Every structure is written in C-alpha cells, then in structure tokens.
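The values are calculated or read from the model by the stated rules, or taken from the named source; none is laboratory data. Everything numeric here is computed off the predicted structure, so don't read it as measured data. Counting neighbours? That spans all protein chains shown, and the Cβs are built from the backbone with ideal geometry, glycine included. Heavy atoms of the whole protein, side chains included, go into the accessibility calculation; ligands, DNA and RNA do not. Shrake-Rupley method; radii C 1.70, N 1.55, O 1.52, S 1.80 Å.
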Amino acid sequence: IIPQISAILGSCGGGVAISSVLSDFTILERTNGRLFVNAPNAIAENNIDKCDTSAADFQKQTMNVDFICDGEEGVFDQIRSLLAILPANNENDAFCEDVTDDMNRLVTEFGNKISDPAEALRELADNNDFMEIKSGFGKDMVTGLMTLNGITVGAVANRTSDGCEGVLTVDGCAKAARFVNFCDAFSIPVLTLTNVNGYESCKCAEKKIASAVAKLTYAFANADVPKVNVIVGNAFGSAYVTMNSKHIGADLVYALPNAKIGMMDAGLAVQIMYGEVNEEKAKEYDALQVSPEAAAKRGYVDAILEEEELRKNLLYAFEMLYSKREVKLSKKHGTI
C-alpha cells in the first residue's frame, strides 16, 4: 500500500537481512554497512579476508541492494530523493510535481548516448535528473526513476555499452521484472528503451534464461499502468516481444528512423535463405521486413520519431495516457 525503504548503516544479518530485502528499496552505507544472511566466515571454504560477502562491493552485484551511498548523510540524502519522487501510496495515481523544465526541449545529444541508457534517459528526464536503481547488478538492463513534465515514470532499457551485448540475461530480466512489478503496484507509468538482439547464450544461463524471460514478459503484460516503448536500435525476435512490445500490451510504441524491427538481422536472414552474403538482397529484405516503416505498416509501431523530438512526444504520450484504466478478469494472482 505504501513504499517501504530500508537503510543499512551497520550490521544487518540473519533474519533481519530478510526483513531489509522485503522493502521496496534497500540502501547500504558503503563503509560500515553490512548485509548478510550467513556471515562471511560461516560460509564453507570462505573467510572475511578472502571474500567479504557482507560488504558493499559484494552486495552491489546482487538483487539485495538498490543504492550504495557514502556515509550516513549520503544514505539520508538518497532517502530524501526517493521520497521526493515516489507516490505516497498505491492509490496516488500518476504522482506529479511542479516542473521548471521546458516541455518542448529538444534532446540533441540523445542519439549519441543510446548505448548507455542511463545517460540517454538523463537527456529525456526533467532537468536531466535520472535515478538509476541497482546500477551494479544486471548491468545489461538499466532501471530507474525520473519525471516527465512532473509525472513520475519508471524506465527500463537495454544497455549495449561497457561490454554489454544488447541481449536479455538472467540477472537483467530479474532486475527489470521486479522493477516493473514495483511500478505497477504503485501506479507509476513505465517507459522502455528497446535495443535487443536476442538472449544470453552460455551453459550457465541456459539453466535459468527461459524462466527469467518468462517472468519479465509476464511483468510487462500484467502491468496495467500506462506503458510506452521506444525502439532506439535493434528489436529482434521474441526477445523484442518481451521488451514491452505491442504484442504484450504496450499502449504506444515509437521507433527511431534507424531502428531495426524483425525476426533477425537482414544480413543473417539472407545468408540463411541464400547460403551466402548478398548485400543487394540484404537491403531488399531490410526494406521489406526490418525497417521501422515496415513495422509501422503492420501496426507494430505507432510513429517514427526523430531523436531530438523524442522528449516532447513522450510528454504528450504520458499526458494522453494519464487516465488509463483497465478492467481485469477476476482472479487471485498470477503464477509466473
């Protein structure tokens, strides 16, 4: 019913650690904060000198912590920032605040920052203020909060910089699914920046990737808040379907002019069909099957927007969707 925040300023172990992670947001102080279920020395073949599993450097790589802050005052500042942007309760629809930023501001640098969505979202946000959440975990997926014309919006985006390959990973999907569920619980609209090529491919990921992707797909499909998707790069295969596509309930889908939307890259598709690389055939396939114009003709994309005009169009979109309501079939809850 209300957002819950935990601050860890000292040792938080055993059952108390579970209580902390039950919160919507957990903030860990970098130097003195310790979070653990089992103490580092109680873990087989480990000791605190070998790997301090309770320390900030370890916990930031987990789902347990949303923010790492320097000093107590840094923790309190983060709490204040959260309280300023979060709704007071789950019935406070589309929480708003006064805004001084220009509604018609052009985002001329947005296109140069697409590979690092945290920076790209900062370009879009009111007063360039974007609060990234769980920045040290599942880095291929960016999640965070911002305001657009004073309306609090949750953002989810694929990262293709810093060694990330623009694929859905187990950690990235888990991180995004939890965040989308949080936004839905508190009536916070969701914006997605999609740039995805497929799925993480390795022996370890194969154990969990199907389940993780299913949970993210369900989270987007189940959410009844306003949902807007912007395809900023590639949107290939069923991985794109998962990323808040029209197919699972996005209210509006926009695409940039250079976006690619289809089952796979045109060059790869032609190589499969003809057994060789053929640039002419690839261009033909691109125009017929992969271009944003082709997707728009099929109804998958509502509009193709220039990069610099994206912010003002998103403001219009969320204002239009402000009063969105959905009537759901009666059930207890989902099972995914």
With each label point set 7 Å from Cα along the Cα-Cβ vector, what nm distance links residue 72 and residue 288? 6.9
Taking the Cβ of residue 303 as the centre, find all other residues whose Cβ is under 12 Å away and add up their charges (Lys, Arg: +1; Asp, Glu: -1). -4
With 10 Å bins from zero, work out the P(r) of the stretch 1-65 over every alpha carbon pair and list the percent per bin. 23, 55, 19, 3, 0
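Within the set of other residues whose C-beta is less than 11 Å from the C-beta of residue 236, count the net charge using Lys and Arg as +1 and Asp and Glu as -1. Don't skip to the answer; put the middle values down first.
On the way: positive: 260; negative: 265.
Result for the local shell: 0.
Ignoring ligands, DNA and RNA, what percent of the 1.4 Å accessible area of the chain is carbon and sulfur?
Numbers: 8110 of 16190 Å².
The value for the chain is 50 percent carbon and sulfur by accessible area.
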Of all DSSP beta bridges having both residues in the stretch 69-220, the percent classed as antiparallel (nearest 5) is 65
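Tell me, what is the percent relative contact order of the stretch 115-175, built from C-alpha pairs under 8 Å that lie six or more residues apart? Each step should come with its number before you reach the end.
On the way: 105 pairs, mean separation 20.2, N = 61.
Relative contact order here is 33 percent.
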Given a cut-off of under 8 Å on Cα pairs at least six residues apart, what relative contact order in percent is computed for the stretch 25-90? 40
Calculated P(r) tail over 21 Å for the stretch 1-153, as whole % of Cα pairs: 53
So what is the relative contact order of the chain, in percent, for Cα pairs below 8 Å that sit 6 or more residues apart? 13
Taking the Cα centre of each part, how many Å lie between the stretch 90-145 and the stretch 64-86? 17
Helical contribution to [θ] at 222 nm, DSSP H n ≥ 4, -39,500 (n - 2.57), averaged over the chain, rounded to 500: -9000 deg cm²/dmol
Over the chain, what per residue volume does the convex hull of the Cα atoms give, in whole Å³? 161
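What does DSSP give for the chain in terms of the percent of beta bridges that are antiparallel, rounded to the nearest 5? Can you show the working numbers first?
Working: 12 of 43 bridges.
If we restrict to bridges inside the chain, about 30 percent are antiparallel.
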Between rounded, prolate and oblate, where does the stretch 154-273 land on the alpha carbon gyration tensor, with a ≥ b ≥ c its root eigenvalues, rounded for a/c under 1.5, else prolate if a/b exceeds b/c? oblate
Could you tell me which of 161, 258, 272 has its Cα farthest along the dipole of the chain towards the positive end, charges placed at Cβ (Lys, Arg +1; Asp, Glu -1), taken about the Cα centre? 272
1/(1 + (r/R0)^6) with r = Cβ-Cβ of residue 61 and residue 263, R0 = 35 Å, i.e. FRET efficiency to nearest 0.05, evaluates to 0.55
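Tell me the per residue accessible area of the chain using a 1.4 Å probe; a whole number in Å² is fine. Numbers along the way, then the final one.
Details: 16190 Å² over 336 residues.
For the chain, the per-residue accessible area is 48 Å².
Can you give the net charge of the other residues whose Cβ lies under 9 Å from the Cβ of residue 108, counting K and R as +1 and D and E as -1? Provide the component values of the computation, followed by the final result.
Values: positive: none; negative: 109, 123, 307, 308.
Net charge around residue 108: -4.
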